[in-house]
Amino acid sequence: MFTKLFRAFLLLPFVSLFACSSDPDTGNSKDFPSFQITKDIIQSPEQVLGEVEFIPLKIPEGTPIQYFGFDPNMAISEDRIFLNTDPYMNPSIHEFDREGNHVQSIARKGGGPNEYENIDKLGLTNDGRLAVISRASLLEFDEKLDIQNRINLRQVGSYFVIDFHPFEENKWIVSLRGAEPEEDGFFKNFAIFNRDSLTYEFLHLKSYPASGSGEAGSIVPYEEGFLLNFGASDTIFYYSKGTIQPVLSMNSGDRSMPMESRLQPEDKADEELEQMIATQTYDFYFGNVEVAGETINTQVFGITPKPLSLAELEEMGEIPADFPIYEVFIQPKKQQIKASKIVPGLGGFPFSDGEYFYRLLYTETWNQLLESGQLGEKHTQALQIASEQLVDEEDPIVIRYKIKWD
């Protein structure tokens, strides 16, 4: 996630975040709520978090789990938590029950019939089994974590699948990178993939040219359809029954990114990234979206800017805990919005089982939370208890939570 943000000056992997979206089906309709993004919406984690639980992952000695600074990837079913912490060097998959007890792990990088290449994205099938995007393959696993179905996506086109969810029988809704631009220069990134006919049916939602270097698209089930989001988009869309409509928008006022920045080609946007991070003139909408209950979550860089010089950025050895990256929580039906900094530094994206949010806390993260006490006394004590249940003090902890509303 945010490690990607700093390629220009920290030599970490990055895809820039300048993306926005437009939908020809929505016209100029304003029949959806718009929320102001200001410092007034910021609250402490203690004020925001509700029904918090810390789940120590009880990892047996010798389990092939390694941490190389990659953002964790999770998928949560009704009774399982699936986890990957290294998509490339040692792309292992780890299965836990909902209490953090280890069930099984596999490490099968290779080209054999029950092996895979990378672990690019975890997901679930309609019946709650694990599914994985591995380079140009869509893999569907059985309960023993053996590959039950392997679909070669190279037969469909030279796209890279960013996100995917089961759509209906034998179909997936996916977000893609690598599509050719439309005649107007914009891109279609969302599609319905038919696993039987090996075809894509592209949706009408379009991204600006610069979105090719950012989050190409994020998908999450919502009500009777799916929420769709792009990096730097100030609007989150809803797809259901063949139509796409905006469900909410966010307004940063004079901190909103200029349209000319969103229209820049990918290479030009990358060139300007370092300067924009330093000056922090605009809010960046990262383009991820998750839902727990009726709460919609995304992340924003800015709100309370802390400008830096380019020299300071170049000398920065690690991301400071107070870097201005905020979780934004929106409850459209109650017309309410909150922002908070739940984890220090970058912290990765949250995941969801539809009812609760989840995120993995690496050792350095949960230790920082214990030292800072930023979660409040009650939650800090619960985190301390969870840390004492770990088999190895270097292992991660999962935080599961809801958001409190009036």
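The values are calculated or read from the model by the stated rules, or taken from the named source; none is laboratory data. Just so you know, these numbers come straight off a predicted model, no measurement behind them. All Cβ positions, glycine included, derive from the backbone under ideal geometry; neighbour counts span all protein chains shown.
Quick notes
- Unmet criterion (only one of (1) in contact (Cβ under 8 Å) with a residue 40 or more places away in the chain; (2) of a type in the set (Lys, Arg); (3) farther than 24 Å from residue 91 by Cα) for residue 171: (1)
- Residue check for residue 221: under 19 Å from the mean Cα position of the chain (by Cα), assigned to a strand (DSSP E or B) and in contact (Cβ under 8 Å) with a residue 40 or more places away in the chain: yes
- Extreme residue, nearest to residue 198 (Cα to Cα), among residues of region 120-138 that are outside any strand (DSSP E or B) and out of contact with any Asp or Glu (no Cβ under 8 Å at 6 or more places or on another chain): 136
- Subset of region 324-341 [surrounded by fewer than 21 Cβ atoms within 10 Å (Cβ to Cβ) and either part of a loop (DSSP other than H, G, I, E, B) or touching a Leu at 6+ places or on another chain (Cβ under 7 Å) (or both)]: 324, 332, 335
- Remark: residue 158 matches the filter, which requires a residue to be in a loop (DSSP other than H, G, I, E, B) and of a type in the set (Ser, Thr, Tyr).
Rundown of residues vs (1) surrounded by 14 or more Cβ atoms within 10 Å (Cβ to Cβ); (2) of a type in the set (Val, Ile, Thr); (3) part of a helix (DSSP H, G or I), yes/no style:
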residue	(1), (2), (3)
358	yes, no, no
368	yes, no, yes
371	no, no, yes
380	yes, yes, yes
383	yes, no, yes
386	yes, no, yes
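- From the options 120, 97, 163, 127, residue that is in contact with a strand residue (DSSP E or B) (Cβ under 7 Å, 6 or more places away or on another chain) and loosely packed, with under 15 Cβ neighbours inside 10 Å: 97
- Matching option when the condition is farther than 30 Å from residue 265 by Cβ and crowded, with 18+ Cβ neighbours inside 10 Å, among 113, 91: 91
- The test for being over 30 Å from residue 49 (Cβ atoms) and out of contact with any Ser or Thr (no Cβ under 6 Å at 6 or more places or on another chain) does not hold for residue 294.
- For region 85-119, filtering for residues that are in contact (Cβ under 8 Å) with a residue 24 or more places away in the chain, in a strand (DSSP E or B) and either charged (D, E, K, R) or closer than 26 Å to residue 55 by Cβ (or both) leaves 9.
- Only one of the listed residues (251, 229) is surrounded by 19 or more Cβ atoms within 10 Å (Cβ to Cβ), under 17 Å from residue 286 (Cβ atoms) and of a type outside the set (D, E, K, R). That residue is 229.
- Contact map, region 252-271: residues that are within 10 Å of residue 209 (Cα to Cα) paired with residues that are assigned to a loop (DSSP other than H, G, I, E, B) and polar (S, T, N, Q), Cβ distance under 8 Å, separation 6+ or inter-chain. Pairs shown: 266/16; 269/16.
- Total residues in region 103-130, condition β-branched (Val, Ile, Thr) and farther than 14 Å from residue 92 by Cβ: 1
- Residue match in region 286-308 (condition: in a helix (DSSP H, G or I) and of a type outside the set (Lys, Arg)): no
- Qualifying residue in region 342-361 (condition: touching a residue at least 40 places away in the same chain (Cβ under 8 Å) and farther than 30 Å from residue 58 by Cβ): no
- Residue within region 328-336 that is modelled with pLDDT under 95 and among the β-branched types (Val, Ile, Thr) present: no
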